[in-house]
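K.L.:
This is the structure I want to talk about, given as structure tokens.
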Amino acid sequence: MHFTAIDRVPGDPILGLMESYAKDPSPQKFDLGVGVYKDAQGLTPILRSVKLAEQRLADQQTTKTYIGGHGDAAFGKLINRLVLGADSPLLRERRAGATQTPGGTGALRLSADFIAHSLPGRGVWLSNPTWPIHETIFAKAGLKVSHYPYVGSDNRLDVAAMLATLASVPKGDVVLLHACCHNPTGFDLSQDDWRQVLEIVRERELLPLIDFAYQGFGDGLEQDAWAVRLFAAELPELLITSSCSKNFGLYSDRVGSLIVCAGDAEKLLDVRSQLAFIARNLWSTPPDHGAAVVATILGDAELKALWSEEVEAMRLRIAQLRSGLLEALAPHGLSERFAHIGVQRGMFSYTGLSADQVKELREKHSVYMVNSGRANVAGVDETRLTLLADAIADVCHS
Ligand code: PMP
């Protein structure tokens, strides 16, 4: 038999958590696990701008033939503008190009293979903690993965420790940075912190890979791109992985891109030829539908305006849930202990709850969050904030 020696590996813990949640019969259960935006009804809706674009596509699309290795050219052009800014000099100088990928994860996978294949010997540095998939994607590509400190055991952002480690990273290594709404902690760098990171990156000749999965969920669509654009303006070379899963709500359509910024237009073409080759061997050509939706929206002033309003509404709701949860914790005397919830950005919060408290929350109160204490704040609806705060207070005081 061929398969006799094959072991069973444990499933993805976040997906496992989703399954346990689905099986829980409690009517009062909370799903704060998987990183998906939910509205006040607990649904992950299809955006109106997306529906309108899909209707247009259904009427106007004439073929389902393959799109090229770099994906939909209109999508690539528009996503470059969204990420780098419509008036970015890099676009005028043809120094930046987007390769469409199946989601942001596809973009990370493509960058991992690109580094392994075209930049041999380079290690990759990840924040501690980071999104667990970062660890495995780069390791599976055969790259040496190391960590720089990010959040300490006191659940605070430790910029000094981060900078100290980055300053000792071997020249030429790749450093992965989260553009905004850091997953899993929710702690983001200040503009001043970013400038300090930039100086070290420049001095150590590091290659930054900026993971941009939550554009629009932190401080706004343009504001969230601030660090990406700073790095693009100040450095000749940069990799950016962008995802349309969250801000377009296109999770299942798998839309993302790897944007490469190169020193000049010719070098960009060299790098892109490698990416096309690697992508061809990974998934051949990317899926079409989601990118066509994004291109339809971003290429139409009215749809783009509607979409921007919808992203802003999601962003504001997440921010309100954060402040609402803090208010609900106040009567329990927990405002100070959880003050970080108000400082963090995006859907995720490193709550600071221990693995035992997370377990107790799940078993006693049907509150599902990741063992690290990461909660998806967008997973609670405003009417049940008090109930959630009561459950948190119960495990904190027990
Ligand atoms: N990077 C980070 C940090 C993420 O949190 C996610 C989604 N959880 C992604 C990338 C990629 O998401 P997707 O593949 O669904 O676009």
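K.L.:
Among ALA225, ALA213, which is the only one that is buried (at least 17 other Cβ atoms within 10 Å of the Cβ), within 14 Å of the chain's Cα centre (by Cα) and away from the ligand (no atom under 14 Å from the Cβ)?
P.N.:
Checking each option against the conditions leaves just ALA225.
K.L.:
How many residues, within region 237-257, are more than 23 Å from TYR37 (Cα to Cα) and either within 10 Å of the ligand (Cβ to nearest atom) or among the hydrophobic types (A, V, I, L, M, F, W, C) (or both)?
P.N.:
Summing the residues that are more than 23 Å from TYR37 (Cα to Cα) and either within 10 Å of the ligand (Cβ to nearest atom) or among the hydrophobic types (A, V, I, L, M, F, W, C) (or both) in region 237-257 gives 2.
K.L.:
Which ones in region 228-242 are surrounded by 24 or more Cβ atoms within 10 Å (Cβ to Cβ) and closer than 30 Å to LEU321 by Cα?
P.N.:
Of everything in region 228-242, those that are surrounded by 24 or more Cβ atoms within 10 Å (Cβ to Cβ) and closer than 30 Å to LEU321 by Cα turn out to be VAL228, ILE240, THR241, SER242.
K.L.:
Can HIS117 be described as of a type outside the set (Gly, Ala, Ser), under 22 Å from GLN344 (Cα atoms) and part of a helix (DSSP H, G or I)?
P.N.:
no
K.L.:
Sticking with this structure for a sec: So is PRO184 within 16 Å of the ligand (Cβ to nearest atom) and under 27 Å from LEU32 (Cβ atoms) or not?
P.N.:
Here the answer is yes, as PRO184 does meet what is asked.
K.L.:
Specify which of the listed residues (ILE200, ILE115, ILE137) is within 14 Å of the ligand (Cβ to nearest atom), of a type in the set (A, V, I, L, M), modelled with pLDDT of 95 or more and buried (at least 18 other Cβ atoms within 10 Å of the Cβ).
P.N.:
Only one candidate qualifies: ILE137.
K.L.:
Hey, another quick one. Sort through LEU177, LEU163, LEU189 and tell me the only one that's under 25 Å from VAL377 (Cα atoms), modelled with pLDDT of 95 or more and not in a loop (DSSP other than H, G, I, E, B).
P.N.:
Going through LEU177, LEU163, LEU189 in turn, just one is under 25 Å from VAL377 (Cα atoms), modelled with pLDDT of 95 or more and not in a loop (DSSP other than H, G, I, E, B): LEU177.
K.L.:
Of all residues in region 49-108 being polar (S, T, N, Q) and part of a strand (DSSP E or B), which is farthest from the ligand (Cβ to nearest atom)?
P.N.:
Filtering region 49-108 for residues that are polar (S, T, N, Q) and part of a strand (DSSP E or B), the one farthest from the ligand (Cβ to nearest atom) comes out as THR99.
The values are calculated or read from the model by the stated rules, or taken from the named source; none is laboratory data. All figures in this text were calculated on a predicted structure; none of them were measured in a lab. With ideal geometry, Cβ positions are generated from the backbone for all residues, glycine too; neighbour counts draw on all protein chains shown.
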